[in-house]
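Q: First, the structure itself, so that you have it in front of you.
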Amino acid sequence: MNPPRRSSSSHSDRPSTETQQRNNSSNSGVILDISALKMTEVDTEVPPLPPRYRFRDLLLGDQTFQNDDRVQVEFYVNENTFKERLKLFFIKNQRSSLRIRLFNFSLKILTCALYIVRVSLDNPKESNGNSCALGQCWNNSWTNTAESTEINWGLIFWVNRRVPVWAIQVTVALISFLETMLITYLSYKGNIWEQIFQISFILEMINTVPFIITIFWAPLRNIFVPVFLNCWLAKGALENMINDFHRAIQRTHSAMFNQVFILICTLLCLVFTGACGIQHLERAGKHLSLFDSFYFCIVTFSTVGYGDVTPQIWPSQLLVVILICVALVVLPLQFEELAYLWMESQKLGGNYSRHRAQTEKHVVLCVSSLKIDLLMDFLNEFYAHPRLQDYYVVILCPTEIDIQVRRILQIPLWSQRVIYLQGSALKDQDLMRAKMDDAEACFILSSRNEVDRTAADHQTILRAWAAKDFAPNCPLYVQILKPENKFHVKFADHVVCEEEFKYAMLALNCVCPATSTLVTLLVHTSRGQEGQLSPEQWQRMYGRCSGNEVYHIRLCDSKFFGEYDGKSFTYASFHAHKKYGVCLIGVKREDNKSILLNPGPRHIMAATDTCYYINITKEENSAFIFKQEEKDKGLSVTGLYDAPSRLPVHSIIASMGTVAIDLQNPDPPEESSKLTLPTENGAGSRRPSIAPVLEIADSSAILPCDLLSDQSEDETNQSDDEGSVGSDFVKGYPPNSPYIGSSPTLCHLLPQKAPFCCLRLDKGCTHSSFEDAKAYGFKNKLIIVSAETAGNGLYNFIVPLRAYYRPRKELNPIVLLLDYPPDNHFLEAICCFPMVYFMAGTIDNLDNLLQCGIIYADNLVVVDKESTMSAEEDYMADAKTIVNVQTMFRLFPSLSIITELTHPSNMRFMQFRAKDCYSLALSKLEKIERDKGSNLAFMFRLPFAAGRVFSISMLDTLLYQSFVKDYMIAITRLLLGLDTTPGSGYLCAMKITEEDLWIRTYGRLFQKLCSSSAEIPIGIYRTESHMFSTSECKDSYAQSQVSINVEQGVEHRERGEPWKEKTSHRNSTTSDQSEHPLLRKKSMQWARRLSRKSAKPSSRAERISQQRHNLYRRSERQELSELVKNRMKHLGLPTVGYDEMNDHQNTLSYVLINPPPDTMLELNDIVYIIRSDPLAHMPDDSQVGQPRSTRNQQDFGTETRDETHL
């Protein structure tokens, strides 16, 4: 059957299909053309049905019409009528309607212009020129009346209108009249009076009908017609025209623009109406010109009122009164609407300019709710980089802007480059307002203070999907909270999972003290100027070393590492540190995307390698001053890349701004390449003590890592040292991962999974009858983790502590103290790890703490609980955690407590002592650094410096830094053990003992580690003895000065002694350090004795007060000790081992990142080292069978006798 065809007439009578689809006019009718209907088996003759019934039967499926030849249906029939076509052209169609309104607006403007022309040509003093008798009579009668009232009414009702002007006005009036009547007819909806009494219709009749009448009655050609009222019609036509224009181009303008436009038009119409009306009425009075009337209206509406031009007759005065009343009614309403829209637009933030987006660079920050701390962390870190100073930050947040945030954004520093937009990332309109498609990057942050963190992650995932869908080419930087949700945003360019980093960092804090502080300092941007004005040496050195960050540069472009092309990585790292003070920690091959931390001495540096190093500033910002050239050429400065490859100088100063680092001799004599062990008297025989670092690796000269001999040691000594506890440990990959996306790590595992019942510490089972930590008889100290629930992120706490490179004999038992028992899914993931247990309980219950073995623990990790992260009052979310930790600090002073807080500012309450003057001094120092604009004002707080407190919000800067340093997340994950790249090293620590003090300096230690075990040191964790006064502040404390007792013997205080004489710079790094004598053999006992000494009181009253305070402290400790022992007896636990008097209150600890080579080593220093991967270069199969311990003794022989066991 052929398809129905349309007749040619239908194409000509009906508008085009494109026009019909654009108008969506669906008042349709139907025309049926049915022919040749063949009816069979008709019993009776029935007249044919009308067409509508035939079509209904066809739609109902009547079988009698199946054999019809053709049925033609035409739609949009109503639009084929003449009225519908006119309505389509004048009203419905956007483009044609826009043209009609533009024409109408032009007519109204033309009429107003003709009125001005007529006024300029009119002279009220001349005769009106009325030729008719009626006009003369009117003129005479009104003249007589004017003589008595001084108002010539004839001049008001009659004007002098030239014939050309009259002809044009009549023509325009006739066109306007016809158009108005046509529009009224087309808009008729059943109520004619509603159409007639519209203000626009009345104004049209007033301004058009009189001119039409003058066509047929010539004497009325000079009658006055208020044509200037057409300005109001022009205003309405302009508004409609703009609306049609935006409909035609499918774009919308803001309500703010529309309201401002209406207000401006209203003011112009009021002024124009008043000027024309007053000028016309004053024709019978003072004969004001049109400009004078306009001047009077402006002065009047602006409420200035000079009074030099005023109306003289009462009709014009009445018009002024009417205009003022209208203005008082209309203008306030429009101003109120404008103010409301302005306030709403301020809440929404408006739009980011398209022109600015195309000419300037900007990034978009998407958050659920914006807090002042998050905003300042982002802005300070983002704008800390010089090349980002010209960037704009567009904040897209669904909530209304906070008052504090608004106040911050009004500061001139941020007001010009930070734009707040209220909107949702799930709406394309809001993403278009933020110009997401033109943005350089989009940061999507999660709301960690939400009660339901999973729901917060779901919102983040949807925002990331929406941003990727709207702007596929925009780089995404996503922050996720829970690790199980990470794979949903794996398409993002950079992802930071909060719980992954948090638990891994807290785990490393237990084996590498203050790892959290080390990483936090590395990921914060600082120039190392913090604390430089402090009177204390440790604060100046700690603040200076905190400015070290991780940078990168290609080897062929580097002055630091360019000369080591073809040399081993270890050789390049040591000599770069010795020569320039930079610490080379990793490389990346050009053909490999993986970053390798300390790939070892077998890695040969290539010109195309990318080097990653730690330094106070990046190499491109460094300048070198050569003292030899200063002597020859004066004070000239040689540029970085103009210097010779080998520097024949004795000292180099690498400076960045006001930061300068004094470096060692870059070209030491060959005979002095081996450092010596100094004698007691400083002069004597010299013998080689540290082997030189080889340019090319020699496999026979590299001391194997402890890990490689760990297995053999365990096999030979397991029966003697560890018994049956660790005899069955194997190394392998965990069989069960609790979430998708976890990096596989080789770990110590059990040969068989432990039953779930055996994982419960406080309850015995059929396999084990132990019910407390004491019964297990652990060889090493416990690590207790207090958490609310066993989340998947807790898996990342266990993995770094069970990694294959941890010696088996150093594995610490892990006890999970959980508020809620874990589910089987989590137990299935941890049952393969050795010595991992859980127990239900809380840290605010003393019985739970004692049962989980807190007196046998070395570290207690308190994880921030999700249920307390949100509080009605800001910064109160940590209240319960802080008080509980303070209680444990008083009950178990020897315990190392590592606490996670929600807000970093609350770390000042950790281990709080109300009368500690030293803490008060640090509080003042923190305020000073904050006023200077430091991003790390809290760094001098003792709990943070010692690594005892940590807040995950401090790692937000890791995501922000990734915009400039795209390698920071990868390096941090490698340091924390979250990723294990083959050939990449890992972070560990070593302790300086008395036998290691002969090395003396950090630079010599660097050489020792590089030459012996190919390890790269990156920093020092130093603990010093300190005297904290808890009595009333003395005069010296009133000036925030606390002395450090570090010299031999007791330091005697004198009230008039200056500060520098009372302080001994134990950790000085100046050039005169080599003159200080070495520490004695009994420095350990001296340091322990020194920590218990107190300051000598300067008066009898102070001595008595100090004795009373010591007695009070002793009685308080005894009371707490009795409380703990009584609870232990009640629980059936032995009280042996509870040390109530040992504490850390007389020491302070801090981290030194990449200290200078001449930094003196001190007893009990803990050195952070990056150890090379022992699995990267495994020995051959022929050598595997030989015991490593025997081979080590054969290969190294006498060399190991001269080496120091580190």
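The values are calculated or read from the model by the stated rules, or taken from the named source; none is laboratory data. Treat the numbers as computed from the prediction; the structure is a model and nothing was measured. Note: ideal-geometry Cβ built from the backbone for every residue, glycine included; neighbour counts use all protein chains shown. The accessibility values were calculated without ligands, DNA or RNA, using every heavy atom of the protein model including side chains. Shrake-Rupley method; radii C 1.70, N 1.55, O 1.52, S 1.80 Å.
Q: Say we look at segment 942-954 and pick out the residues that are surrounded by 23 or more Cβ atoms within 10 Å (Cβ to Cβ) and not hydrophobic (A, V, I, L, M, F, W, C); which of these is nearest to the chain's Cα centre (by Cα)?
A: Ser951
Q: Turning to a different aspect of this structure: Test each condition in (1) touching a residue at least 40 places away in the same chain (Cβ under 8 Å); (2) buried (at least 21 other Cβ atoms within 10 Å of the Cβ) for Asp430 and report the one that comes out false.
A: The one condition Asp430 does not meet is (1).
Q: Residues to consider are Asn240, Asn191; find the one that is over 26 Å from Ser316 (Cβ atoms), out of contact with any helix residue (DSSP H, G or I) (no Cβ under 9 Å at 6 or more places or on another chain) and open to solvent by 30 Å² or more (accessible area, probe 1.4 Å).
A: When all the criteria are applied, what remains is Asn191.
So that you can scan it fast, the table gives a plain yes or no per residue for (1) modelled with pLDDT under 90; (2) out of contact with any strand residue (DSSP E or B) (no Cβ under 9 Å at 6 or more places or on another chain); (3) closer than 29 Å to Ser1013 by Cα:
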| site | (1), (2), (3) |
| --- | --- |
| Glu549 | no, no, yes |
| Leu555 | no, no, yes |
| Val582 | no, no, yes |
| Asn592 | yes, yes, yes |
| Asn598 | no, no, yes |
| Ala607 | no, no, yes |
| Glu629 | yes, no, no |
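Q: Moving on. Read through the list (1) of a type in the set (Ser, Thr, Tyr); (2) modelled with pLDDT of 75 or more; (3) open to solvent by 20 Å² or more (accessible area, probe 1.4 Å), then give the number of the only condition that Thr957 fails.
A: Among (1) of a type in the set (Ser, Thr, Tyr); (2) modelled with pLDDT of 75 or more; (3) open to solvent by 20 Å² or more (accessible area, probe 1.4 Å), the lone unmet condition for Thr957 is (3).
Q: Among what's in segment 214-226 and is in a helix (DSSP H, G or I) and either over 16 Å from Pro164 (Cβ atoms) or β-branched (Val, Ile, Thr) (or both), pick the residue that is least open to solvent (accessible area, probe 1.4 Å).
A: Top of the filtered list is Thr214.
Q: Against the definition (touching a residue at least 24 places away in the same chain (Cβ under 8 Å) and in a helix (DSSP H, G or I)), how does Val329 come out, yes or no?
A: no
Q: Moving to a separate point now. Which residue pairs have Cβ atoms under 8 Å apart, sit 6 or more places apart or on different chains, and have a first residue in segment 180-192 that is free of Cβ contacts under 8 Å to residues at least 24 places away in the same chain and a second that is of a type outside the set (Lys, Arg) and assigned to a helix (DSSP H, G or I)?
A: Every condition considered, the pairs that remain are Thr184/Gln195; Thr184/Phe201; Tyr188/Gln195.
Q: Which of the following residues is farther than 17 Å from Phe770 by Cα, open to solvent by 30 Å² or more (accessible area, probe 1.4 Å) and at pLDDT 90 or above: Asn812, Asn845?
A: Criteria check complete, one pass: Asn812.
Q: Among the numbered criteria (1) within 21 Å of Ser316 (Cα to Cα); (2) at pLDDT 85 or above, which one does Ile151 miss?
A: (2)
Q: Here's something else I'd like to know. Name the residue, out of Phe201, Phe211, that is in contact (Cβ under 8 Å) with a residue 24 or more places away in the chain, open to solvent by less than 40 Å² (accessible area, probe 1.4 Å) and either in a helix (DSSP H, G or I) or hydroxyl-bearing (Ser, Thr, Tyr) (or both).
A: Phe211
Q: Only one of Leu318, Leu328 is open to solvent by 60 Å² or more (accessible area, probe 1.4 Å), within 26 Å of Asn152 (Cβ to Cβ) and of a type outside the set (Phe, Trp, Tyr); which?
A: Result of the check over Leu318, Leu328: Leu318.
Q: Quick one: which strands (runs of 3 or more DSSP E) lie wholly within segment 457-572 and hold at least 1 residues that are open to solvent by 10 Å² or more (accessible area, probe 1.4 Å) and either farther than 30 Å from Lys865 by Cβ or aromatic (Phe, Trp, Tyr) (or both)?
A: Passing ranges, in order: 476-480, 549-554.
Q: For segment 998-1026, enumerate the residues that are under 13 Å from Ile1166 (Cβ atoms), part of a helix (DSSP H, G or I) and open to solvent by 10 Å² or more (accessible area, probe 1.4 Å).
A: none
Q: Further question: Taking only segment 381-410 into account, find how many residues are open to solvent by 50 Å² or more (accessible area, probe 1.4 Å), over 24 Å from Gln358 (Cβ atoms) and in a helix (DSSP H, G or I).
A: Residues that pass the stated criteria total 4.
Q: For segment 779-868, give me every one of the helices (runs of 4 or more DSSP H) that falls completely inside it and has 2 or more residues that are touching a Cys at 6+ places or on another chain (Cβ under 9 Å).
A: Result: 795-801.
Q: Moving to a separate point now. Name the helices (runs of 4 or more DSSP H) wholly inside segment 1073-1185 in which the number of residues that are surrounded by fewer than 12 Cβ atoms within 10 Å (Cβ to Cβ) and modelled with pLDDT of 80 or more is 1 or more.
A: 1100-1130
Q: Here is a follow-up. Just give me the residues in segment 780-797 being in contact with a Pro (Cβ under 9 Å, 6 or more places away or on another chain) and within 13 Å of Met835 (Cβ to Cβ), in sequence order.
A: Asn780, Lys781, Leu782, Ile783
Q: Residue check, Phe912 against (1) in contact (Cβ under 8 Å) with a residue 24 or more places away in the chain; (2) hydrophobic (A, V, I, L, M, F, W, C); (3) surrounded by 19 or more Cβ atoms within 10 Å (Cβ to Cβ), all met but one. Which one?
A: That leaves (3) as the condition not met.
Q: Shifting gears a bit: Return the only residue of Leu88, Leu102 being modelled with pLDDT of 75 or more, hydrophobic (A, V, I, L, M, F, W, C) and more than 22 Å from Ala234 (Cα to Cα).
A: Leu88
Q: Any residue at all in segment 335-347 that's of a type in the set (A, V, I, L, M) and more than 46 Å from the chain's Cα centre (by Cα)?
A: Checked against the condition, which is being of a type in the set (A, V, I, L, M) and more than 46 Å from the chain's Cα centre (by Cα), segment 335-347 yields no hits at all.
Q: What residue, among those in segment 243-261 that are open to solvent by 30 Å² or more (accessible area, probe 1.4 Å) and of a type in the set (A, V, I, L, M, F, W, C), is modelled with the highest pLDDT?
A: Among residues in segment 243-261 that are open to solvent by 30 Å² or more (accessible area, probe 1.4 Å) and of a type in the set (A, V, I, L, M, F, W, C), the one modelled with the highest pLDDT is Val260.
Q: Let me ask something else. Could you figure out which of (1) more than 23 Å from Lys1129 (Cα to Cα); (2) hydrophobic (A, V, I, L, M, F, W, C); (3) free of Cβ contacts under 8 Å to residues at least 40 places away in the same chain; (4) assigned to a helix (DSSP H, G or I) isn't true of Phe889?
A: The failed condition is (1).
Q: Could you give every pair whose Cβ atoms fall below 8 Å, whose first residue belongs to segment 593-619 and is surrounded by fewer than 24 Cβ atoms within 10 Å (Cβ to Cβ), and whose second residue is β-branched (Val, Ile, Thr) and outside any strand (DSSP E or B), counting only separations of at least 6 or pairs across chains?
A: Qualifying pairs under 8 Å: Ser594/Thr981; Ile595/Ile971; Ile595/Thr981; Ile604/Ile696; Tyr612/Ile595; Tyr612/Ile971; Ile614/Val582; Glu619/Val582.
Q: What number of residues within segment 573-592 are surrounded by 24 or more Cβ atoms within 10 Å (Cβ to Cβ), polar (S, T, N, Q) and either more than 18 Å from Ile696 (Cα to Cα) or in contact with a Gly (Cβ under 7 Å, 6 or more places away or on another chain) (or both)?
A: 0
Q: Residue by residue through segment 411-420, note down the ones that are within 20 Å of Cys366 (Cα to Cα) and surrounded by fewer than 19 Cβ atoms within 10 Å (Cβ to Cβ).
A: Result: Trp414, Ser415, Gln416, Arg417.
Q: Can you tell me which residue among Lys763, Lys781 is closer than 16 Å to Leu508 by Cα and open to solvent by 20 Å² or more (accessible area, probe 1.4 Å)?
A: Lys781
Q: How many of the residues making up segment 527-556 are of a type in the set (Val, Ile, Thr) and within 14 Å of Asn621 (Cβ to Cβ)?
A: 1
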